[in-house]
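Step one of this worksheet: look at the structure below.
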Amino acid sequence: MNEILVAGHKSPDTDSIGSAIACAYLYTETGRAAKAVRAGEINKETRFALRSFGLTEPPLCTEFAAGQQVVLVDHNERKQSIDGVRDADVVALIDHHRLGDFETEKPIFISVEPVGCTATILFRMFERAQVHIPQEIAGMMLSAIISDTLLFRSPTCTERDKLAVKALAKLAGVDYEEYGMNMLKAGADVSDIPVEQWVQTDKKEFMAGEQTFSVAQLSVMDTAPILARRDELHRLMEADRSAHGYLASFLMVTDILQEETELLFVGDIDAWVARAFATEPRDGSVHLPGVMSRKKQIVPPLLGAV
Ligand code: MN
Ligand code: MN
């Protein structure tokens, strides 16, 4: 029988890669051969994590074959999945996002929980299955949780995420605070990335009624060099918006240390943004103190104010 493919979302982040690797391992150990794949290029933070724990990148998968058995991790909206997911045989969903347009033809295994990271859900699945987590898998799982919760700073972080990291750090043999800060720093260094890619970082598409909008997020230690190029970023975002026919494009420029976000946007949407965040936007941006989470603090107010 063919292997099950375990896949995270497009523009993969450390959770989409780390949880795919961990989930494939758990499935294989419990008797169902599975293999992690990636839905796109690996980012710098994830590369740092893979290298730290001696793992190689999962193979790229750009389209599922019809009937391919698939486990989806860290996403459920079709637009975020590898192409062909509609005709694939999705056998399980393990996620921590709102349910979007997810539907299946038959009952499947679903574990969707309101925790900070997919890897936190998987940590409990390993416990339940009584499967020992090897060092490198533990390392990727804790990297995923640290990434999604920005080392426990994000409002999406729960007590379970923290407990999982502490347990995984023992298995991985790392000081999670020191390692986590180094990993976030590796991911936050955008100095050698072309500005065209800044606006694509971790970009996700969402539906507002019949229309689509996109929200990208750049998490950095210092936003000044990014915001100094605001005009250029707006131009690139507008080009991307019109190329895809989006209603609007957003770019969260998130300061990990100050715990705040400058939300840049393009599209004729000042009134929408003002309603969503109760702040008058200026020059295609709003300053949002305390905002770090797209999932909890950006997308819900936008959808609520459409
Ligand atoms: Mn993710
Ligand atoms: Mn995640």
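The values are calculated or read from the model by the stated rules, or taken from the named source; none is laboratory data. Every value quoted in this text rests on a predicted model; they were computed, and no experiment measured them. Ideal geometry is used to build each Cβ from the backbone, glycine not excepted, and the neighbour counts take in all protein chains shown. These area figures cover heavy atoms from the full protein model, side chains too; ligands, DNA and RNA do not enter into them. Shrake-Rupley method; radii C 1.70, N 1.55, O 1.52, S 1.80 Å.
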Between the range 227-245 and the range 1-31, the alpha-carbon center distance in angstrom: 33 Å
Suppose every Lys and Arg Cβ carries +1 and every Asp and Glu Cβ carries -1, with no other charges. What dipole size does the range 4-186 come out with about its Cα centre, to the nearest 20 debye? 260 debye
Binned Cα-Cα distances of the range 4-186, short to long, each 5 Å bin given as a whole percent: 1, 9, 19, 23, 21, 15, 8, 3, 1, 0
How charged is the neighbourhood of I108? Take every other residue with its Cβ under 13 Å from the Cβ of I108, and add Lys/Arg as +1 and Asp/Glu as -1. -3
Through the Karplus equation 6.51 cos²θ - 1.76 cosθ + 1.60, θ set to phi - 60°, convert the phi angles of the range 23-35 into ³J(HN,Hα) values in whole Hz; use x for Gly and Pro. 5, 4, 5, 4, 4, 4, 5, 9, x, 10, 4, 9, 9
How large is the charge dipole for the range 62-139, taken about the Cα centre, if only the Cβ atoms of Lys, Arg (+1) and Asp, Glu (-1) carry charge, to the nearest 20 debye? 220 debye
Using a Gaussian network model on the chain with a 10 Å cutoff between Cα atoms, which of A36, A138, A88 fluctuates the most? A88
Across the chain, how many lysine pairs, 8 or more apart or on two chains, come within less than 15 Å at their alpha-carbon atoms? 10
Sorting check: for 99-107, 139-147, which peptide has the highest mean count of neighbouring beta carbons within 10 Å, and how do the rest follow? 139-147, 99-107
Principal axis box of the range 195-305, alpha-carbon based, largest edge first, Å: 36, 28, 23
So what is the relative contact order of the range 166-306, in percent, for Cα pairs below 8 Å that sit 6 or more residues apart? 18 percent
Quick numbers on the chain, Rg and Dmax over C-alpha atoms in Å, give 18.8, 57
Contact order normalised by residue count of the range 41-129, Cα under 8 Å, 6+ apart, percent: 22 percent
For the chain, build the charge dipole from Cβ charges (+1 Lys, Arg; -1 Asp, Glu) around the Cα centre, then report which of T158, V131, S111 sits farthest towards its positive end. V131
Within the set F109, F123, F206, GNM on the chain using Cα springs under 10 Å gives the largest fluctuation to F109
Rounded to the nearest 500, what is the chain's calculated 222 nm mean residue ellipticity when only DSSP H runs of at least 4 contribute -39500 (n - 2.57) each, over all residues? -11500 deg cm²/dmol
If you count only protein heavy atoms with a 1.4 Å probe, what accessible area per residue comes out for the chain, rounded to a whole Å²? 44 Å²
Let a ≥ b ≥ c be the square roots of the eigenvalues of the Cα gyration tensor of the range 144-219; is it rounded (a/c under 1.5), or, if not, prolate (a/b larger than b/c) or oblate? oblate
Cβ-placed point charges (K, R +1; D, E -1), dipole of the chain about Cα centre in debye, nearest 20: 580 debye
Taking amide H positions as placed in the peptide plane 1.01 Å from N, state which residues far from Q68 in sequence (5 or more) or on other chains have amide H under 5 Å from it. D89
Give the residue from P289, F53, A33 lying farthest towards the positive end of the charge dipole for the chain; charges sit on Cβ (+1 for Lys and Arg, -1 for Asp and Glu) and the dipole is referred to the Cα centre. A33
Any idea what the relative contact order of the chain is, in percent, if you count C-alpha pairs under 8 Å spaced at least 6 apart? 13 percent
For the chain, which whole-number percentage of the solvent-accessible area (1.4 Å probe, protein heavy atoms only) is attributable to carbon and sulfur atoms? 48 percent
Select from A24, A208, A39 the residue whose mean-square fluctuation is largest in a Gaussian network model of the chain (Cα-Cα springs shorter than 10 Å). A208
Sequence order, the range 41-48: Karplus ³J(HN,Hα) from phi using 6.51 cos²θ - 1.76 cosθ + 1.60, θ = phi - 60°, Hz rounded, Gly and Pro as x, gives 5, 6, 7, 5, 5, 5, 4, 4
For K204, other-chain or 5+-apart residues with amide H closer than 5 Å (H placed, Pro excluded) are V215, A216
